[in-house]
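The values are calculated or read from the model by the stated rules, or taken from the named source; none is laboratory data. Remember, it's a predicted structure, so these values are computed and weren't measured experimentally. As a convention, Cβ positions derive from the backbone with ideal geometry for all residues, glycine included, and neighbour counts pool all protein chains shown. Only protein heavy atoms, including side chains, enter the accessible area calculation; ligands, DNA and RNA are left aside. Shrake-Rupley method; radii C 1.70, N 1.55, O 1.52, S 1.80 Å.
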Amino acid sequence: MTALGCIADDFTGATDLAALLARAGLRVALRIGVPAAPATDAAECEVVALKIRSAPAPEAVAQALAALDWLQAAGARRFYWKYCSTFDSTPQGNIGPVAEALMAALGTDRTLHAPSFPENGRRVFMGNLFVGRQPLAESPMKDHPLNPMTDSDLTRVLAAQSTLPVGLVDWPTVAAGAVRAAVGPGHWIGDAISDGDLATLAEAVWDWPLLSGGSAFAGKLPDRLRAAGLLGAGAASNRPKMPAGRAIVLSGSCSAMTRQQVAAYGAGAPAFRLDPLALARDGAGETARMRDWLAAQDHPAPLVYATAEPDQVRAAQAELGTDRAGRVVEAALAAAARAARDAGVARFVVAGGETSGAVTQALAVDRLDIGAEIAPGVPWCVARDAAGPLAVALKSGNFGGPDFFAEALAAAE
């Protein structure tokens, strides 16, 4: 029976969430998209990965409600709405609209938002989100190609996309252990600068039907659910066996960290750069050129990337429009994944949420088993297709260190 049902707004966020819940001893199953059939092998925690972070709000809401229906049918009675620890979304959503739709469907008038992930340098203090030492609006997230974040005050960000009131559970309230008395109907942003603060928040509101935020907050829920008798004793999950075979690195993220990772890995491995302008002019020709290049490589893990500097991204978006610039890149990276799989590649390292969605859909996998973490919130996952087992590491743009790609490939061994 499923005790906790989770809905994630993108695929890297879903693996991030699944990794931290597995770390806490849960048996976790990650579904790619809303499954067509009912769950016959439901885990203690079911995570449904959607691709709705930048989708129009009505579409995002519809998909989230479909995921909720499936999770309820699997037996879940408590739910988690997972989005990025940098709170990135469009001005119209989708964090607020999806939260309110889920609240209405579950018959609750409140939820708490806790995006902090202290282990990865994301902290909320007095309602303001910090990325490392930088306020969100001064961090590289201000240049995000799809969802630039220009306000660090999460109460303002959330209020602009919500119809219910937005309040703050500030750090002095959290430190005093007075959270429960401070919250009422509406949305609540929870300050958290440490894992201990997240545990305090979880202790206060674990029994609410819907909670929301980053993976680190979700990772504090299993202990409380066990104490209430809603979960088993917990044990380290059996890690799936990594398939042997060649690898490929696919990068579409343009985050500051991914740019460092591409530069570091590309210095020692063959790399093919995808140009959105060239793809828009002659997508078939450029994709064929990329496939021919891949076929000629004898390196164990070549790199195909569209990662670019912010000014290059802005130039492509100015000429093609934001949506088209993203679509042509995603299509090319999906084609690279299919070509690699057809050539026998069994290990895929993927950087970027939108890219991860495109690649996993191209590989036609619908369930991932969670393996060992490569970096906080980034595990190796094992799936299966008609050709047999394959492994994917889906990395959020800013996660990992400069040598993440090499570290991921080494960890697979």
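Residues in segment 341-354 that are of a type outside the set (D, E, K, R) and either open to solvent by 10 Å² or more (accessible area, probe 1.4 Å) or in contact with a Phe, Trp or Tyr (Cβ under 7 Å, 6 or more places away or on another chain) (or both): A343, G344, V349, G353.
Residue-by-condition table, conditions (1) open to solvent by 10 Å² or more (accessible area, probe 1.4 Å); (2) over 27 Å from L129 (Cβ atoms):
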{"site": "M1", "(1), (2)": "yes, yes"}
{"site": "A29", "(1), (2)": "no, yes"}
{"site": "R53", "(1), (2)": "yes, no"}
{"site": "A57", "(1), (2)": "yes, no"}
{"site": "L68", "(1), (2)": "no, no"}
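No other residue among E330, E319 is more than 25 Å from the chain's Cα centre (by Cα) and assigned to a helix (DSSP H, G or I) apart from E319. Among D170, D109, D143, which is the only one that is acidic (D, E) and within 30 Å of G252 (Cα to Cα)? Result: D143 is the single residue among D170, D109, D143 that is acidic (D, E) and within 30 Å of G252 (Cα to Cα). Please name all residue pairs, on different chains or six or more residues apart, with Cβ atoms under 6 Å, provided the first residue is in segment 333-345 and is more than 14 Å from L390 (Cα to Cα) and outside any loop (DSSP other than H, G, I, E, B) and the second residue is hydroxyl-bearing (S, T, Y) and at pLDDT below 95. Listed pairs, sorted by first residue: L333/T355. Residues in segment 142-166 that are buried (at least 20 other Cβ atoms within 10 Å of the Cβ) and not polar (S, T, N, Q): H144, P145, M149, L154, V157, L158, V166.
Residue count for segment 75-129, restricted to those that are of a type in the set (F, W, Y) and touching a Ser or Thr at 6+ places or on another chain (Cβ under 8 Å): 4. Taking the criterion of being under 27 Å from L390 (Cβ atoms), open to solvent by less than 30 Å² (accessible area, probe 1.4 Å), modelled with pLDDT under 95 and touching a Gly at 6+ places or on another chain (Cβ under 8 Å), would at least one residue in segment 255-273 satisfy it? Within segment 255-273, one or more residues are under 27 Å from L390 (Cβ atoms), open to solvent by less than 30 Å² (accessible area, probe 1.4 Å), modelled with pLDDT under 95 and touching a Gly at 6+ places or on another chain (Cβ under 8 Å). Within segment 130-147, does at least one residue satisfy the condition of being in a strand (DSSP E or B) and among the basic types (K, R)? No, that holds for no residue. Residues satisfying the criterion are present in segment 37-49 (criterion: under 25 Å from M149 (Cα atoms) and surrounded by 17 or more Cβ atoms within 10 Å (Cβ to Cβ)). The number of residues in segment 264-315 that are part of a loop (DSSP other than H, G, I, E, B) and within 18 Å of G326 (Cα to Cα) comes to 7. Checked against the criterion of being within 20 Å of I52 (Cα to Cα), more than 22 Å from the chain's Cα centre (by Cα) and touching a residue at least 40 places away in the same chain (Cβ under 8 Å), segment 111-125 contains not a single residue that satisfies it.
Of note, A55 satisfies the criterion of being aliphatic (A, V, I, L, M), modelled with pLDDT under 95 and out of contact with any Ser or Thr (no Cβ under 8 Å at 6 or more places or on another chain). The set of residues in segment 181-209 being among the hydrophobic types (A, V, I, L, M, F, W, C) and in a strand (DSSP E or B) consists of W188, I189, A192. For segment 137-153, filtering for residues that are modelled with pLDDT of 95 or more and within 19 Å of the chain's Cα centre (by Cα) leaves 0.
Condition first: hydrophobic (A, V, I, L, M, F, W, C) and at pLDDT below 90. Can you find one or more residues in segment 372-385 that meet it?
yes
With respect to the conditions (1) out of contact with any helix residue (DSSP H, G or I) (no Cβ under 9 Å at 6 or more places or on another chain); (2) aliphatic (A, V, I, L, M); (3) outside any strand (DSSP E or B); (4) surrounded by fewer than 23 Cβ atoms within 10 Å (Cβ to Cβ), A406 lacks only one, and its number is (1). Taken over segment 366-396, the criterion of being open to solvent by 10 Å² or more (accessible area, probe 1.4 Å) and not in a strand (DSSP E or B) is satisfied by D366, P376, A386, A387, S396.
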